[in-house]
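A.B. asks: Structure provided below as structure tokens; questions to follow.
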Amino acid sequence: MNLWSRIRSWSRALLRRSRTETDMDAELRSHLESRAEDLIRIGVPRAEALRRARLEFGGLERVKEECRKSRGVTFVESLLQDLRFGLRMLRKSPGFTTVAVLTLALGIGANTAIFSLIDAVMLRMLPVQNPERLVQIRFKSLLSQDPMSSLTNPIWEQVRDHQDVFSGVFAWSPRTFDLADGGEENDINGIYASGDYFTVLGVRPAAGRLLTTSDDVRGCSGVAVLGYGSWQSRYAGAQSAIGSSIRLNGHYFPIVGVSQRGFSGTDVGRPFDVAIPICAAAILGRSLDMRDAWWLSMIGRLKPGANISQAQARMKVLSAPLFGAVVPQDWSAKSQDIFRKNTFLLNPASTGVFGGIRQQYGQPLKILMLVVGLVLLIACANIASLLLARSAARKKEIVLRLSLGASRARLIRQVLTESILLSAIGAILGVFFARWGSALLVRFVSTNQGQVFLNLKTDARVLAFTIAIAVLCGVLFGVLPALRSTRFEAISAMKEGSAQTAGGRAHSASARWIVAAQVALSLILLIGAGLFIRTFTNLMTLNAGFDPNNVLLTEMNVHSAGLSDPALASLYGQMLAKLQALPGVVSASQCLLYPLSSGDEWNFEVSVPGYKPPNGVEPLVYLNWVTPGYFSTMRTPLLEGRVFAARDSANSTPVVVINQLLANTYFPGQNPIGKHIQIGGPEIGDKPLEIIGVVQNAKRDSLDQDFLSAAYVPLAQIHSLREDTTFEIRTATTPGALIPAVRDAMASVNKSASLGFSTLKQLADDSVLQEHLMAVLSGFFGGLALLLTAIGLYGVMAYVVTLRTHEIGIRMALGAQKGSILRLVMREAAIVLAAGVAAGLLGSMWITRLARQLLFGLTPDDPSTLAFAVAALVAVALAATYIPARRAMRVDPMVALRYE
Amino acid sequence: MDKQLELLQGTLDMLILKAVSLSPLHGYGILLRIQQISKDRLEIQQGSLYPALYRLEHQGWIASEWGESENNRRAKYYRLTAAGRRRLKTELHNWKRMSDVIAGILRTTPEEV
């Protein structure tokens, strides 16, 4: 028999069911015929031969019956028996089954939800050709620890033209474009993409054609490629979309094609709606020659046979010539030197690049995975306790089955099958819960500015994960009851029918261990919840340096209207005046960068003549252009000197207002008013600026970042104005109510300016979204864990009281007071609690370290949080113990003594 | 000719294993072979053959496969597995020991007691 036929017969044997009957029939019949033939050969007539054969054989049916009995039962058949039995058992105790299934659905569902998010954000490969051959090209600068992802266009062009390491490279940058024709913005998610973007990725067009290198040459007029989703939603998938024009930021681009279905770009969580070539940035007002504007990300595809370390070595060698060719000419010699020393760094990009949502939520997701994992463990512990109690109740049945000849292994297998069945039902429900839960989470983290889109389909990996933890759970909470209930000592002891025997005590011992473990895990979760909640409240209550309430932000862009500086200044002046005159406006001002605007890394070198700051301080200052009313609109307190006034104009002395941090760094212990400071940069001019005021530090990028050295320059003294600016309006009532009035006011000055509205409060809330999420989720799961533990503790204590009822009765009959009985019970609980709390504190010291980077304003071993968590746990635990303790106190000695 | 001996209890399994060890056979063939090598001195109940075969198969000592018999009929062939071979050796060993012991007891003369 060769291997194939052996496998066939083996698998057939495994799955045989009704076929076996026909097989057996055929075999026996064939035997009879052979015997008959032998008889015929020696001369017996046919009919006689058949009769004799049958007689010799014996009754056919009886033999068949014997055969069936001796065949035995296959593994699959016995497994099905176990499943049927398990289902029957579960149906017989609906209360237990419901509770267990719901608990498991919640636990497994939470785990699956978080895992599917992790899968979508971090694990799923890009749906392109051979994603494992893609590498991201970043660079390392001497100025920072972390590698930088964004590069300038000149560097990109250098790499594109001179690299010999990759079979193809491309660059892209996500950008929001405005579809509207003046007035309020109608945003569309777009990307600037180099000509090779789609080719190197191996993406095919769903209609028309995609970008090519000839589309991306300097001076191009630009074309557009639609993303598949956008083609469906905005153009209903019509072929007529190809060839029509799309208006982006006021300029028209012909649509030449649609990209492949299922491909949504290289930024995880941010699908692109439209892609235009990088050269088109020049049309939209962006210079392609700026050597210090960092906006492009790059990816390369390794040549066949090459590996990433070879490529890395080669790129390192190429770093000096490539960076050297595009050094920013207007930087200081020192900065230029640092620039020249930049080196390229490669890392795998099969799942997309590091940044965006992955950077923001990578660590929190991993921590959440740990949290829901611990909650599931606690839930399993509860179910294990319940099953232990149930198996004690089924002892008679088990004794009977063992004495009838069942093997212990068979019984254990049957109990495990029941457990896995339970967790399988829970897992199926959990999958539905997970889909709902993860969609909810994605909606929670989607903000106005950054909508998150994740494809949360349940793919093979998520399904495998769910099945794995379902089986694991089933085994986890089933194995202990299975082993314990089939042990011979336990069984012989149980036969006596008394609960107060070795069996009962052993049961309560393991139950107590389980609860102690639950207490420990709950404490860890409570401490974690406490840390995250306090981080969030710290952020919400800190002094940001401005008052975010009731401030309407209006971003305005005149979009290359080609206005000269004086015309632009006059336009701005008119707009501001109109805004200030609106009813309901407390004050209004204008600035280039509003707080929490995150994105623009606009810093300059700063120096004070004759003073050198201590080592380790970067000579950088973050700049902002503002109108005089800015500080009062933002409610940023003035600490010294004065703010800008009308007399600070283009013709008067160049002045500057600095923040407290800058003052302390460069003028320690002195009054900086009247002194001068030099800030590099062509917009400011090369003259030193006179300091006229010091304001309080204000948060710039986001609430959880440190204050930065900042300086404010009056708008009137800026040499070249930009076409985009922001107006802040402090309103008397809800900011949103004023939007129509602001829209009209702006339109009356310039109809084609595009407007974007948001509120500072919204931005402040969005900037702490991740901390908010962690606080809410960890609080929820911490509370859940506490509830489950309380239930578990109650169950065990109730059992302990039942176990010792007899003893309590004797004590009371001998004169013990109720108080001493209470102390007796509480002492039992206290031991379990103490063990659990000790283990929990130990564990938390090790585990909470993982969350260090996510905390704000406190360390992972913050004593007050620890103390509070322990106190909460003990309080709830004592409450849970009190009920059975009270029952112990109320025991009637006469009844107890008779109780067995 | 002497009357055929009845099979001792529990020995059918051994005989089947032995018969099959020589070469794979179908049920009827096993019957014939046992009769042949016992030179027709054993009486075998045909009705107990197949339950024994199924039991031995369930225990993993023989394996079955459908094939074609000599007269072009479909028949189920049984062959000895590796475990079955080991089992046969053990059974043989035990049988020899048992028969030695019993023979020894039965040979005891009154003087040796």
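Values quoted throughout were computed directly from the atomic coordinates according to the rules given, and no laboratory measurement underlies them. Because the structure is predicted, anything quoted here is derived from the model rather than measured. Positions of Cβ are generated from backbone atoms using ideal geometry, with glycine treated the same way; all protein chains shown enter the neighbour counts.
A.B. asks: Taking the Cβ of A:R234 as the center, what net charge do the other residues with Cβ under 14 Å away carry, scoring Lys and Arg +1 and Asp and Glu -1?
C.D. replies: Neighbour charge sum, excluding A:R234 itself: -1.
A.B. asks: Which whole-Hz couplings ³J(HN,Hα) result when phi for each residue of the range A:790-799 is put into the Karplus expression 6.51 cos²θ - 1.76 cosθ + 1.60, θ = phi - 60°, listed in order with x for Gly and Pro?
C.D. replies: Rounded to whole hertz, the list is 4, 4, x, 5, 4, x, 5, 5, 4, 5.
A.B. asks: Straight-line reach from A:K751: which lysines have a Cα under 26 Å away, not including same-chain ones fewer than 8 places off?
C.D. replies: The qualifying lysines are A:K578.
A.B. asks: Right, something else. Averaged across B:26-35, how many Cβ atoms of other chains sit within 10 Å of each residue's Cβ atom? Don't skip to the end; give the middle numbers.
C.D. replies: Values: counts 4, 5, 10, 2, 1, 3, 3, 0, 0, 0.
For this peptide, the per-residue mean of nearby foreign Cβ atoms is 3.
A.B. asks: Between A:A650 and A:S78, what length in nm is gained on full extension when 0.36 nm per residue of separation is reduced by their alpha carbon distance? Numbers along the way, then the final one.
C.D. replies: Details: separation 572, 0.36 × 572 = 205.92 nm, distance 9.27 nm.
Full-extension gain reported as 196.6 nm.
A.B. asks: Under 30 Å from the Cα of A:K612, which lysines turn up, not counting those fewer than eight places away in the same chain?
C.D. replies: Output for A:K612: A:K140, A:K334, A:K341, A:K675, A:K687, A:K699.
A.B. asks: Also, I was wondering about something else. Of A:F433, A:F272, how do they rank once you tally other Cβ atoms within 10 Å and put the fewest first?
C.D. replies: A:F433, A:F272
A.B. asks: Rounded to whole Hz and in sequence order, give me ³J(HN,Hα) for the range A:838-847 from the Karplus expression 6.51 cos²θ - 1.76 cosθ + 1.60, θ = phi - 60°, writing x for Gly and Pro.
C.D. replies: Those phi angles translate into 4, 4, x, 4, 4, x, 5, 4, 7, 7 Hz.
A.B. asks: How shielded is A:26-36 by partner chains, expressed as the average number of their Cβ atoms within 10 Å of its Cβ atoms?
C.D. replies: That works out to 6 on average.
A.B. asks: In the protein assembly as shown, with Lys and Arg counted as +1 and Asp and Glu as -1 at Cβ, which of these residues, A:A409, A:Q574, A:M845, has the Cα nearest the positive end of the dipole, that is, farthest along it?
C.D. replies: Sorting the options by dipole projection puts first A:A409.
A.B. asks: Residue by residue through the range A:865-879, which ³J(HN,Hα) values in whole Hz follow from phi under the Karplus form 6.51 cos²θ - 1.76 cosθ + 1.60 (θ = phi - 60°), with glycine and proline marked x?
C.D. replies: Rounded to whole hertz, the list is 5, 4, 4, 5, 5, 4, 4, 4, 4, 5, 4, 5, 5, 5, 4.
A.B. asks: Roughly how many debye, to the nearest 20, is the charge dipole of the range A:763-900 about its Cα centre, given +1 on each Lys and Arg Cβ, -1 on each Asp and Glu Cβ, and no other charges? Display every interim value, and only then the final one.
C.D. replies: Working: 11 positive and 9 negative charges, 171 e Å.
Charge dipole of the range A:763-900: 820 debye, to the nearest 20.
A.B. asks: Distance between the C-alpha centers of the range A:36-82 and the range A:251-298? Whole Å please.
C.D. replies: Here the two parts' Cα centres lie 80 Å apart.
A.B. asks: So what's the range A:632-779 giving for Cα Rg divided by 2.2 N^0.38 Å, two decimals?
C.D. replies: It is 1.27.
A.B. asks: To the nearest 500 deg cm²/dmol, what mean residue ellipticity at 222 nm is calculated for the protein assembly as shown from DSSP H runs of n ≥ 4 alone, each contributing -39,500 (n - 2.57), summed and divided by the residues?
C.D. replies: It lands at -17500 deg cm²/dmol.
A.B. asks: Just counting partner chain Cβ atoms within 10 Å, what average do the residues of peptide B:54-67 show around their Cβ?
C.D. replies: Partner Cβ neighbours, averaged per residue: 4.
A.B. asks: Can I ask one more? Sorting check: for A:623-635, A:54-66, which peptide has the highest mean count of neighbouring beta carbons within 10 Å, and how do the rest follow?
C.D. replies: Taking the mean over residues of other Cβ atoms within 10 Å, the ranking is A:623-635, A:54-66.
A.B. asks: Pairs A:K64/B:K96; B:K18/B:K96; A:K92/A:K395: which exceed 25 Å Cα-Cα?
C.D. replies: From A:K64/B:K96; B:K18/B:K96; A:K92/A:K395, over 25 Å: A:K64/B:K96.
A.B. asks: May I pose another question? Give the calculated FRET efficiency between A:W846 and A:M369 to the nearest 0.05, with a Förster radius of 22 Å applied to their Cβ-Cβ distance.
C.D. replies: 0.85
A.B. asks: Quick one: which residues, 5+ away or cross-chain, put their amide H under 5 Å from the amide H of B:W66? H built at 1.01 Å from N.
C.D. replies: Amide H neighbours of B:W66, under 5 Å, 5+ apart: B:Y77.
A.B. asks: A further question follows. Within chain A, which cysteines find no other Cys whose Cβ is under 4.7 angstrom from their own?
C.D. replies: A:C67, A:C380, A:C473, A:C591
A.B. asks: Sort A:515-527, A:585-597 by packing, meaning the average of other beta carbons within 10 Å per residue, with the highest value first. Don't jump to the answer; show the numbers that get you there.
C.D. replies: On the way: A:515-527: 27.0, A:585-597: 21.7.
So the order, starting with the most tightly packed, is A:515-527, A:585-597.
A.B. asks: Please identify which residues in the range A:53-89 have an amide N closer than 12 Å to a label point set 7 Å out from the Cα of A:S407, following the Cα→Cβ vector.
C.D. replies: Of the residues in the range A:53-89, A:75 have backbone N under 12 Å from the label point off A:S407.
A.B. asks: Once label points are set 7 Å from the Cα along Cα→Cβ at both A:L87 and B:W95, what is their separation, rounded to one decimal in nm?
C.D. replies: 4.7 nm
A.B. asks: Here is a further query. Out of residues 5 or more away from A:D701 or on other chains, whose amide H comes under 5 Å of its own, with H placed 1.01 Å from N in the peptide plane?
C.D. replies: Long-range HN contacts for A:D701: A:L596.
A.B. asks: Still on this model: Give the whole-number value, in cubic angstrom per residue, of the convex hull volume spanned by the C-alpha atoms of the range A:631-695.
C.D. replies: 98 Å³
A.B. asks: List the aspartates and glutamates whose Cα sits under 14 Å from the Cα of A:K818, skipping any in the same chain fewer than 8 residues away.
C.D. replies: In chain and number order, the partners are A:E807, A:D892.
A.B. asks: Right, something else. For the range A:108-236, compute Rh as the Kirkwood radius over C-alpha pairs and then the Stokes-Einstein diffusion coefficient at 37 °C and 0.692 mPa s; write the answer in µm²/s, rounded to an integer.
C.D. replies: 183 µm²/s
A.B. asks: Let me ask you something else. Taking H placed 1.01 Å from N in the peptide plane, check which residues at least 5 places from A:L755 or on another chain put their amide H under 5 Å from its amide H.
C.D. replies: For A:L755, the qualifying residues are A:G183, A:E184, A:E185.
A.B. asks: Can you classify the range A:69-135 as rounded, prolate or oblate using the Cα gyration tensor, where a ≥ b ≥ c are the square roots of its eigenvalues, rounded means a/c under 1.5, and otherwise it's prolate if a/b beats b/c and oblate if not?
C.D. replies: oblate
A.B. asks: So between A:V99 and A:D161, what do we pick up on full extension, going 0.36 nm a residue minus the alpha carbon distance?
C.D. replies: 15.8 nm
A.B. asks: Projected onto the charge dipole of the range A:634-734 (+1 at Lys/Arg Cβ, -1 at Asp/Glu Cβ, origin at the Cα centre), which of A:Q678, A:L721, A:N659 gives the Cα projection farthest towards the positive end?
C.D. replies: A:N659
A.B. asks: Taking a ≥ b ≥ c as the square roots of the eigenvalues of the Cα gyration tensor of the range A:115-183, is the shape rounded (a/c under 1.5), prolate (a/b larger than b/c) or oblate?
C.D. replies: Note, shape of the range A:115-183 comes out rounded.
A.B. asks: Among A:S194, A:T176, A:F166, whose Cα projects farthest towards the positive end of the dipole of the range A:152-198, with charges put on the beta-carbon of Lys, Arg (+1) and Asp, Glu (-1)?
C.D. replies: A:F166
A.B. asks: While we're here: Translational diffusion coefficient, Stokes-Einstein: compute it for the protein assembly as shown using the Kirkwood radius over C-alpha pairs as Rh, at 25 °C and 0.890 mPa s, and state it as an integer in µm² s⁻¹.
C.D. replies: Diffusion coefficient, whole number: 67 µm²/s.
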